[in-house]
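Structure first, commentary second.
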Amino acid sequence: MTLREGDPAPDFEAVSYTGDRVRLSDYRGQVVVLYFYPRAMTPGCTREALRFNELLEEFRRLGAVVIGVSTDSPERLKRFAEKHSLSFTLLSDPEGRIASLYGVLKRSGKTRRPSAERVTFIIDWRGIVSKVLRNVRPAEKHADLALEHVKALGSQA
């Protein structure tokens, strides 16, 4: 299933790197930038996370939250967040259930380990997918594109 703009965002529950259980529905009434990435600690995913972190106050000022999702363990995500002083939520999806719900699950490597494609979903305050950013590259200002769409969404509210 491929999730498209205008579709309701599937609810889910996952564990964050802090050990908290997080549900997407906890953020109803807010704009959510839900970005999937393949693997913490890799150069591209690190650049991407650092840029989201740099722009975090702007996202917050616009009433948006940023949530990163990967198939990494909570322990790996904790090391990633601490090493880079990340201030937004990172969720662990080790079996790829959330990635599958959003149509971004892939299997890679010899072990066919589940991972997520690099795709971002901007979910409006009603829980509707308002924008899907596919085929983005972390070095090409992925977080900046997401911020542009959050700004545009705010002006339509």
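The values are calculated or read from the model by the stated rules, or taken from the named source; none is laboratory data. This is a predicted model, so every value here is computed, not measured. Here the Cβ positions follow ideal geometry from the backbone for every residue, glycine too, while neighbour counts run over all protein chains shown.
Results, tabulated for the structure shown:
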item: Contacts under 7 angstrom Cβ, first residue in region 14-32 being on the phi > 0 side of the Ramachandran plot and modelled with pLDDT of 95 or more, partner part of a strand (DSSP E or B) and loosely packed, with under 12 Cβ neighbours inside 10 Å, 6 or more apart; result: none
item: Residue under evaluation PHE80, criteria (1) within 27 Å of GLY6 (Cβ to Cβ); (2) of a type outside the set (A, V, I, L, M); (3) surrounded by 18 or more Cβ atoms within 10 Å (Cβ to Cβ), criterion not met; result: (1)
item: Within region 27-118, helices (runs of 4 or more DSSP H) holding 3 or more residues that are of a type in the set (Lys, Arg); result: 74-84
item: Any hit, region 56-66, residues being β-branched (Val, Ile, Thr) and modelled with pLDDT of 95 or more; result: yes
item: Subset of region 84-98 [of a type outside the set (S, T, N, Q) and more than 14 Å from VAL15 (Cα to Cα)]; result: HIS84, LEU86
item: So LEU86, is it of a type outside the set (Phe, Trp, Tyr), touching a strand residue (DSSP E or B) at 6+ places or on another chain (Cβ under 6 Å) and buried (at least 17 other Cβ atoms within 10 Å of the Cβ); result: no
item: Residues of region 1-25 classified as more than 16 Å from SER100 (Cα to Cα) and assigned to a loop (DSSP other than H, G, I, E, B), total; result: 6
item: Some residue of region 69-77 being under 25 Å from LEU153 (Cα atoms) and either crowded, with 18+ Cβ neighbours inside 10 Å or over 13 Å from the mean Cα position of the chain (by Cα) (or both); result: yes
item: SER100 being of a type outside the set (Val, Ile, Thr), on the phi < 0 side of the Ramachandran plot, buried (at least 19 other Cβ atoms within 10 Å of the Cβ) and at pLDDT 90 or above; result: no
item: Tabulated pairs, region 107-125, first within 16 Å of ASN135 (Cβ to Cβ), second modelled with pLDDT of 75 or more and among the aromatic types (Phe, Trp, Tyr), C-beta under 6 angstrom, 6+ apart or interchain; result: ALA116/PHE36; ARG118/TYR37; VAL119/PHE36; THR120/TYR35
